Structures are given as structure tokens and as C-alpha cells.
Amino acid sequence: MYSCKGPQGDLGPAGIQGQVGKDGPIGVIGPVGPNGPAGPQGTAGTTGAAGPQGTPGATGPQGPTGNANVVYSTWITPTWVSSGDIPTFALFNQKNTANNLLTQDAIDKGVVYTYVKIKILDFDQDAGEFKLVDRIQPNGGISRFKVSGRQTNRDQDYGYSRITVNQQIGVNYLQVNGNLDKTTWNDNYTAAVFPPELAGKSFAFYNDIAKNLYQYRVVVVYGSTAGRMAAIDMKDYAAVKAAFNLKD
């Protein structure tokens, strides 16, 4: 028995599309891995061309005047040598008269000022007695000292010594003179008396007292500062120190 294959039939109509399936659950994100090592630094690039110069800024205000035209010495303690001895005074002058601030220009174009540190006798109201205190004044002055061996602090227990700084000034030369008074006052301030502690002593004895009573300083102000000096009391060392920025 034999069968024969017939011709292929036509496609049938498309079937109905099925429903879309639901999304599955989202998976858990795994941990972040560690950073890898930094790569090598790259080669520096070439420097770019310089930019154009900026516009200059406005000129600032003028600064304060300095003290370039003022020179001054340190505080100098004189070394004394005897220049005589009389009944009332031991006399001395400074051994070294040189001062390198006193140049020819200083003499010709500047003004020389001198100041001294002295000890004055001041009455302490709280303590009810006299005490020695330091002061500064121009050119010279009287310095007081306690008479050795005195146990009280009356005015009569203190002696007198004088210093004069600027009697003679020249190129690299400054004369400084001093003396020590061998007398003090009596209790009534009516007459000078010769305390035995000061009478008939040697120059070494008087010098030992005087060497610690004074210091002096030289200040040279040149002519270009004259305008500023008009407002300064040159006799007031504190004003001079502030105006010219002097350092102790």
C-alpha cells in the first residue's frame, strides 16, 4: 500500500499573546573591594609662558621719620682721677676724655646734648624717712650718698657729690668733672659741718664713694632733624628718649 505526501497547507492565524511574567527579586549588592595602589606620578608639564605684568598699585602713605640722624652713646660710668684736694672738696675729672661720637661732622653740623643719671634724696611719706632714688637730667647735677656708718635716714646723714659733663666738647673729646663735698648740714640747716666720717681721707676713699654715683650719655642730633626738634623739650630726657627712640 503506498501513500503520497500532499501539498503544505496555509499558516493558521496567530494565537493570543500570553501575559508578561513578573520581575524576579533584586539581588544583594556585594561589598566594595579595597582601593588599588596609587599609580606612579606623572611627568610634570612644562611651565607656561609668563603672564603680562599687572598694573602698579597706588603709592602707600609715607612712613614715620626714623632716627638715622640721631646717634647716642651707651650710659658711661666715668673713671675718676684726682684733680686736687681742698678743705671742703675732693676734686676729680674723668681719666678717659675720648668719645668717638664727637666727630668733626658732629661738631660742625650737629648739636650735642649730654644727660646724667644721678641719685637724689626723696622723702618717702609711707616710710617716714629719706631714700635715694635715681633720676636723669641734662648736663650734670648733684648726687647724694649715705655717709658710711650712719644708722638713721635724716637729710644730714647724706653727703653731696657733683658732676659736670659738658664743660668742654671737641673732636673725640669730652671733659667730665666732679667733686665730693666733705661737709654736710647741721640739724638746724644753719651751718655746714665736717662729719668725721668724711674728713681727712685719701682720694681712694672719696673715689670709692663717687665711682657709683653717676653715669652719663652723649646724644648728637644732626641738622636735618631740626624741624622735629621744635616740639621736643631737650631738657626732658624722657621726651628725648621717646622722640628719638633711644635704647637704654
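The values are calculated or read from the model by the stated rules, or taken from the named source; none is laboratory data. Not measured: the values here are computed from a predicted model. All Cβ positions, glycine included, derive from the backbone under ideal geometry; neighbour counts span all protein chains shown. Heads up: the accessible areas ignore ligands, DNA and RNA and are worked out on the full protein's heavy atoms, side chains in. Shrake-Rupley method; radii C 1.70, N 1.55, O 1.52, S 1.80 Å.
For a quick check of your reading of the filter: which trypsin sites (Lys or Arg not before Pro) in region 79-158 sit in a DSSP loop and have no more than 11 other Cβ atoms within 10 Å? Could you put the intermediate results ahead of the total?
On the way: sites: Lys95, Lys109, Lys117, Lys119, Lys131, Arg135, Arg144, Lys146, Arg150, Arg154; in loops: Lys95, Arg150, Arg154.
Qualifying residues, ordered by number: Lys95.
Across region 150-159, coupling constants 3J(HN,Hα) worked out from phi with the 6.51/-1.76/1.60 Karplus curve, θ = phi - 60°, read 6, 9, 9, 10, 8, 4, 5, 8, 10, x Hz, and Gly and Pro carry x. Approximating the spin labels as points 7 Å out from Cα along Cα→Cβ, the Ile86-to-Ile232 distance works out to 3.7 nm. Do any chymotrypsin sites (Phe, Trp or Tyr not before Pro) in region 124-219 lie in a DSSP loop with no more than 13 other beta carbon atoms within 10 Å, and if so, which? Taking region 124-219 and a limit of 13 other Cβ atoms within 10 Å, the loop chymotrypsin sites (Phe, Trp or Tyr not before Pro) found are Tyr189.
Starting from the Cα of Val171, move 7 Å in the Cα-to-Cβ direction to define the label point; list residues of region 100-120 whose amide nitrogen is under 11 Å from there. What the label zone holds, given the 11 Å backbone N cut-off, is 103-108.
Of the solvent-accessible surface of region 165-248, computed with a 1.4 Å probe and all protein chains present, 52% belongs to carbon and sulfur. Under the convention that each Lys and Arg Cβ holds +1 and each Asp and Glu Cβ holds -1, the size of the dipole of region 173-248 around its Cα centre is about 360 debye. Using Cβ point charges alone (K and R +1, D and E -1), the dipole size of region 136-226 about the Cα centre works out to roughly 160 debye.
Length gain on complete extension for the stretch Lys211 to Thr55, per 0.36 nm per residue less the alpha carbon to alpha carbon distance?
Values: separation 156, 0.36 × 156 = 56.16 nm, distance 6.44 nm.
Once the chain is fully extended between Lys211 and Thr55, it gains 49.7 nm.
Treating r as the C-beta distance of Lys109 and Trp75 and R0 as 25 Å, the FRET efficiency rounds to 0.50.
Listed here are the pairs Lys131/Lys247; Lys109/Lys235; Lys109/Lys211; Lys182/Lys247; Lys201/Lys235; which of them are more than 30 Å apart at the Cα?
Values: Lys131/Lys247 27 Å; Lys109/Lys235 20 Å; Lys109/Lys211 33 Å; Lys182/Lys247 36 Å; Lys201/Lys235 36 Å.
From Lys131/Lys247; Lys109/Lys235; Lys109/Lys211; Lys182/Lys247; Lys201/Lys235, over 30 Å: Lys109/Lys211; Lys182/Lys247; Lys201/Lys235.
Highest mean first, the peptides 82-90, 236-244 sorted by other C-beta atoms within 10 Å per residue fall in the order 236-244, 82-90. A dipole drawn for region 129-248 from +1 and -1 charges on Cβ atoms has a positive end, and of Gln156, Ala231, Asn177 the residue lying farthest that way is Ala231.
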